[in-house]
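J.: Here's a structure for you.
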Amino acid sequence: MRNVGIIGVGYTPVFVSKRKDVSIPEMISEAVDAAFDNTGLTPQDIDAITFGNMHTFEGVNMPHLWGAEHIRSLGKPVMRIATGGTTGMSAFQAGYYHVASGLHDVVMIVTYEKHSEGDAQVGLMGIITPEVMAMLASGIDVTGGKGMGAIGGGSAGGISYQAMSYLNHAGAGIEHIDGIAAMERRNAAKNPYAHLKDPNATAETIAKTPLVSYPIRFGHICPTTDGATVCIIASEEKAKELADKVAWVWAVSNCASDATTGNLIEGLITDPAEQMPCIIAARQAYERAGIKDPKTEFDVIEIYNGFAHQTLMFLEKLGVCEVGEAHKLLEAGELERDGRFPTNASGGVVSTNAIGTSALNRVTECALQIMGKAEGGHQVDKDVHKALAHGWGGLMQYVTVTILGDEPRKG
Amino acid sequence: MEVSYMTPVVPMDFTYNYRVGKYVQRYLDAFKDKKILGVRCPGCGKVFVPPHMFCGACNKKLDDFVELSQEGTLENFTVGHIIIEKGQVSAAESPYILGMIKLDGADSLLLAKVEGVSPGEVETGIRVKAAWKDKVEGDFLDLDHFEPA
Amino acid sequence: MEETREVQGAWELSTFKFRIEGDGFQLMLNSMKDAKLKGLKCQECGTVYCPAPFYCRKCHVFIDDEVEVSDHGEVMTYTIGYADVRGEPLDEPRVSCMVKLDGCDTWFMGVLDEVEPDDVHIGMRVKLKWNEERVGSLQDMEAFIPE
Amino acid sequence: MDINVAVAGFNMTPCSSDLVTTRERMTFELSSGLFDDLGITRDDVGTYIIATNDFLDGRTISNVFLDAPVGAYMKDESKVEMDGLNALMYACMRIMTGQYETALVLAFGLTGYQVSPYLHIDYIMDPTYDRQVKLLNELSAAALQARCYLDKFGYSEELLDEIAAKDLSNAALDPYQLRQLSDISKEKVKGSDYLYEPLRELHCYPPTDGGIVVLLASGEKAKELTDKPVWIKGMGQSIDPYYIGDRDLSVSPSTTQAAKRAYDMAGITDPKGQVDVAEISSLFACQEPLLAEALGLLDQGRAADVYASGDTAIDGKLPINPSGGPLGAHPICATGLLRMAEAVRQLRGEAEKNQVAKAETAVVHGQDGVCAQQNVVVVLGT
């Protein structure tokens, strides 16, 4: 298998709630321009493109077709990938296979979301609309007022179940969710491409936000964001020719389980906090990358955390620490930018969530940290040799993992 | 074994609000003065209507807006015998013409209704001119149709 | 940044004719008339599903072995709701939970009643409180209550 | 380039206008049927790629309920939201890296019963212009392409009747096709109603339900699994501009570019001489010669003669769509893979009444978008 390296990243100039000035493809083109500016490449250098977003949030089917010119794709292969929250990393991994297979040398990954054009709650509901209608016809009270099907506090319901189950397993408390949320909002304040920024956030300020569904508060929940991210990758030979600094892909992996949380037509067999796909995907990635000890080898970690407790939960699922240790690392300051395990130095998904980009941003943020190019003061203090990026999505059951290094993978 | 299925009905549609972006915005703004704008590529010189951000062939960003003639040539057309609404096909009240028109000064074709000529007699190559609604408001439907010049 | 105008679009889900699997769900609804819960067991791995899909996810085989599961079980996780599905504050906090019923491998979601939020804990034993009049609807189950 | 990946097997539903099933049940039956055929279980599959469309499935992330029934519970799965032939290409890449020995591809469309197929293109269209002006739909766009093609070469509308009659009589021989019309003739096609001139009802694909799974395997593994592996020799894909007013609709540059990539890999320098059979995703009669020209299988300007001569028939010199193609059935997303399956049946000599005389190299084509904006080409060989 060929080695693959990340040679450049491009973001829209801002990630904000509403981009009223541009259409969808016009917004995407800004990130494409940024990627070309940052790498000095031109469209002629790109052999193929992979493209991802969660289209039902905007109601545009296969939007790469509408945006074909905006992403500078004419005459090139373009592959559209959509897997929910993991979409960005799934598109990245598709790009990776384009190069690793030997078929293409330079591939551009394009992702975006323009949440302001649709209703994210409604878009999420779209996952199970027919099932919800069938359950309604069978007497369910979707408001959770009585009987079966109390999904809890609306959209946060399934997530609250996950958070509570996690806290129980880990022996952690809601104050730890407050603490990690605060850390990430502070990190976001130093990332020019983050959405919700608060340089003064503390566990106490987060704890003042209202509870939605215990243990989840408003302050633990991601925003809906407009933005686009582009990443350019290349074969080893091309990467060395085209770029001074390269973040090398050491492994990609991905796993799915069952999707029944929130669907009462079929029972689910996995605890929403078990996240077995994460354990499986991580194990596979470590094997492929030759990672022997995930507890010591990573200098930077980026976790997909639409909800703040997930940073802690997934650190444990990924084997970066033991079950029950993540909140202790938080308390000891080890997850901060200057800590032993800098985690979500970017501010994470909980601070910025343009869904199509969110899982790709985990990879691009790791890459920029390796390259030493993280802007606005969110570069971590130490040299970054190896980094771990994680994506999560589907109906709580997809996990993607990508491992990057500062030199090409050997063997 | 006999299998039974549930057939739930979704009582509503999902709705969206799109920002048209600066190119469509400018195109529509010009409608208020009954003008048709195109945009010229600095690379190949081609003029596109409706205006959009990039020339795909040259990969160049377009920002040279130009006013186009209200007249042009019918390059292609179809006579519709049906209409499709929400994906459902039904017979049209009477056949109607959809044309692709090359406005003088443009290189791309503009899709529009063609009226004032019967569906049995329409042919490519005829000259047509824009027919506007009496009251223009900068709306998509201000440019009502084209008719023989 | 100059604001541009807004236009509308739709995804016409109202035009769709959906079919979804109903047998496993119907089996459960029907059994509820007698204040019982029926599911299906995989003949290969023994996993009990309720409500049941038509196949086993692990073994990838059709399943049709009907089994009854208990209406008693254990709280696996729970949440205390302070806002409704639209995010509007509720008058009173509401506890809901996921329960693993005895003899069943899949989890139920439901309201947890007759207990103060502070007293709820993972691992607590609960049972289903059935409605007096049962018609084979999800409303037949009023709530989970402490055992 | 030696791809060294083969089609080890496939399983498809006979297409229907109302397949009485669910997405999950169809998926389960397709994959378990294939596993039984090959004597394997889901544990023998390394990775899964699904190709379905959320807007047609009526769901966000429409693959979330398909992972378990297809066999991907606790496995590696991803989704290509395009015609299934693109998913096949992705699955092939995954095997080419050496990371997986086998990959299962699933694609289906329920556009016969569940949803109108024409919404598929509606939702593709620019919501800030085309959907506001409300002039274009899939059929009117196809009609404009048909007129453009006929006018360019001076063909009469009868060419479309001829093509449709050929395709529909082939389809009537193929049990997997939806349209099974008896005594089909040019006259009968011409007797069907105009939708948008020059397109008549029988020039257009029928709304269809159908699905397919395909198992790809590395060279060695494929030989273990089947006596008749069919090899992927080349693949390519490309895209044209979005606005139909910016395009010359009488040609398909992206098909030509995709074919060039595929032919270069497969070592095909003379497609007319080297290709034995073509299965093309021509959703409308006009697209068959147009795309065949773009694939280098027909000379421009000769379509009327070639179709009249019978060269494209099952027993002709270069059979095109011996299965009848999408005029027989078009379950959106699955269509490109159905073309592949039909080509595999040909190359294995299992196409029964649709079998062509010599079949060693086949070209398969799939498309997405308005007037085939995006095209994918795969070359298969014995």
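The values are calculated or read from the model by the stated rules, or taken from the named source; none is laboratory data. Bear in mind that the values here come from a model prediction, so they are computed numbers and not experimental data. Cβ sites come from the backbone with ideal geometry, for glycine too, and all protein chains shown count toward neighbours.
J.: What are the residues in segment D:72-89 that are out of contact with any Phe, Trp or Tyr (no Cβ under 7 Å at 6 or more places or on another chain) and of a type outside the set (D, E, K, R), if any?
T.: D:TYR73, D:MET74, D:SER78, D:MET82, D:GLY84, D:LEU85, D:ASN86, D:ALA87, D:LEU88, D:MET89
J.: Now for a separate question. Does segment A:396-411 hold any residues that are surrounded by 24 or more Cβ atoms within 10 Å (Cβ to Cβ) and either part of a loop (DSSP other than H, G, I, E, B) or among the basic types (Lys, Arg) (or both), and which are they?
T.: Of everything in segment A:396-411, those that are surrounded by 24 or more Cβ atoms within 10 Å (Cβ to Cβ) and either part of a loop (DSSP other than H, G, I, E, B) or among the basic types (Lys, Arg) (or both) turn out to be A:MET396, A:GLN397.
J.: Against the condition at pLDDT 95 or above and either more than 15 Å from the chain's Cα centre (by Cα) or more than 8 Å from chain A (Cβ to nearest Cβ) (or both), how does C:CYS42 come out, does it pass?
T.: Spelling it out, C:CYS42 is indeed at pLDDT 95 or above and either more than 15 Å from the chain's Cα centre (by Cα) or more than 8 Å from chain A (Cβ to nearest Cβ) (or both).
J.: List the number of the failed condition for C:ALA35; all other conditions in (1) more than 7 Å from every other protein chain (Cβ to nearest Cβ); (2) in a strand (DSSP E or B) hold.
T.: (2)
J.: I've got another one for you. If B:THR78 passes every condition in (1) surrounded by 15 or more Cβ atoms within 10 Å (Cβ to Cβ); (2) more than 24 Å from B:LYS133 (Cα to Cα); (3) in contact with a helix residue (DSSP H, G or I) (Cβ under 8 Å, 6 or more places away or on another chain); (4) without any contact (Cβ under 8 Å) to a residue 24 or more places away in the chain but one, which one does it miss?
T.: (2)
J.: Of all residues in segment C:3-35, which are surrounded by 17 or more Cβ atoms within 10 Å (Cβ to Cβ) and of a type in the set (A, V, I, L, M, F, W, C)?
T.: The answer is C:VAL7, C:ALA10, C:TRP11, C:LEU13, C:PHE16, C:PHE18, C:ILE20, C:PHE25, C:LEU27, C:MET28, C:LEU29, C:MET32.
The rows are residues; the columns are (1) surrounded by fewer than 21 Cβ atoms within 10 Å (Cβ to Cβ); (2) out of contact with any helix residue (DSSP H, G or I) (no Cβ under 9 Å at 6 or more places or on another chain).
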{"position": "A:GLY173", "(1), (2)": "yes, no"}
{"position": "A:PRO199", "(1), (2)": "yes, no"}
{"position": "A:PRO210", "(1), (2)": "yes, no"}
{"position": "A:CYS231", "(1), (2)": "no, no"}
{"position": "A:GLU237", "(1), (2)": "yes, yes"}
{"position": "A:LEU264", "(1), (2)": "no, no"}
{"position": "A:GLY267", "(1), (2)": "no, no"}
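J.: If we only count strands (runs of 3 or more DSSP E) wholly inside segment D:183-286, which ones have 1 or more residues that are touching a residue at least 40 places away in the same chain (Cβ under 8 Å), within 14 Å of another protein chain (Cβ to nearest Cβ) and not acidic (Asp, Glu)?
T.: Because the criterion is at least 1 residues that are touching a residue at least 40 places away in the same chain (Cβ under 8 Å), within 14 Å of another protein chain (Cβ to nearest Cβ) and not acidic (Asp, Glu), the strands (runs of 3 or more DSSP E) in segment D:183-286 that meet it are D:194-196, D:209-218, D:230-239.
J.: Can you list residue pairs whose Cβ atoms sit under 6 Å apart, with the first residue in segment C:3-17 being closer than 26 Å to B:ASP29 by Cβ and the second being part of a loop (DSSP other than H, G, I, E, B) and basic (Lys, Arg)? Count only pairs 6 or more apart in sequence or on different chains.
T.: Cβ pairs passing all conditions: C:GLU3/A:LYS20.
J.: A follow-up question, please. Let me spell it out: the conditions are (1) more than 7 Å from every other protein chain (Cβ to nearest Cβ); (2) surrounded by 23 or more Cβ atoms within 10 Å (Cβ to Cβ); (3) hydrophobic (A, V, I, L, M, F, W, C); (4) in a helix (DSSP H, G or I), and D:ALA143 meets all of them except one. Which number is the exception?
T.: Of the numbered conditions (1) more than 7 Å from every other protein chain (Cβ to nearest Cβ); (2) surrounded by 23 or more Cβ atoms within 10 Å (Cβ to Cβ); (3) hydrophobic (A, V, I, L, M, F, W, C); (4) in a helix (DSSP H, G or I), the odd one out for D:ALA143 is (1).
J.: How many residues does segment D:156-174 contain that are in a loop (DSSP other than H, G, I, E, B) and either away from chain B (no Cβ under 14 Å) or within 18 Å of the chain's Cα centre (by Cα) (or both)?
T.: Total satisfying the criteria: 4.
J.: Turning to a different aspect of this structure: Confirm whether B:VAL79 is closer than 30 Å to D:GLY58 by Cβ, within 18 Å of the chain's Cα centre (by Cα) and facing another protein chain (nearest Cβ under 7 Å).
T.: no
J.: If D:GLU224 satisfies all but one of (1) more than 24 Å from D:ILE332 (Cβ to Cβ); (2) surrounded by 22 or more Cβ atoms within 10 Å (Cβ to Cβ), what's the number of the condition it fails?
T.: (2)
J.: Could you list, in sequence order, all residues of segment D:80-99 that are crowded, with 24+ Cβ neighbours inside 10 Å and either hydroxyl-bearing (Ser, Thr, Tyr) or closer than 19 Å to A:ILE280 by Cα (or both)?
T.: D:TYR90, D:ARG94
J.: State whether one or more residues within segment A:63-84 are farther than 19 Å from D:GLY369 by Cβ, within 14 Å of chain B (Cβ to nearest Cβ) and either crowded, with 24+ Cβ neighbours inside 10 Å or of a type in the set (A, V, I, L, M) (or both).
T.: no
J.: Restrict the check to segment D:313-321 and report whether at least one residue is touching a strand residue (DSSP E or B) at 6+ places or on another chain (Cβ under 8 Å) and not in a loop (DSSP other than H, G, I, E, B).
T.: Yes, some residue in segment D:313-321 is touching a strand residue (DSSP E or B) at 6+ places or on another chain (Cβ under 8 Å) and not in a loop (DSSP other than H, G, I, E, B).
J.: Another question, if that's okay. Has segment D:6-23 got at least one residue that is within 14 Å of chain B (Cβ to nearest Cβ), in a helix (DSSP H, G or I) and either surrounded by 24 or more Cβ atoms within 10 Å (Cβ to Cβ) or at pLDDT below 95 (or both)?
T.: Within segment D:6-23 (the criterion being within 14 Å of chain B (Cβ to nearest Cβ), in a helix (DSSP H, G or I) and either surrounded by 24 or more Cβ atoms within 10 Å (Cβ to Cβ) or at pLDDT below 95 (or both)), the answer is yes, since at least one residue qualifies.
J.: I would also like to ask the following. Are there strands (runs of 3 or more DSSP E) fully within segment A:173-272 with at least 3 residues that are modelled with pLDDT of 95 or more? List them.
T.: Passing ranges, in order: A:226-235, A:247-256.
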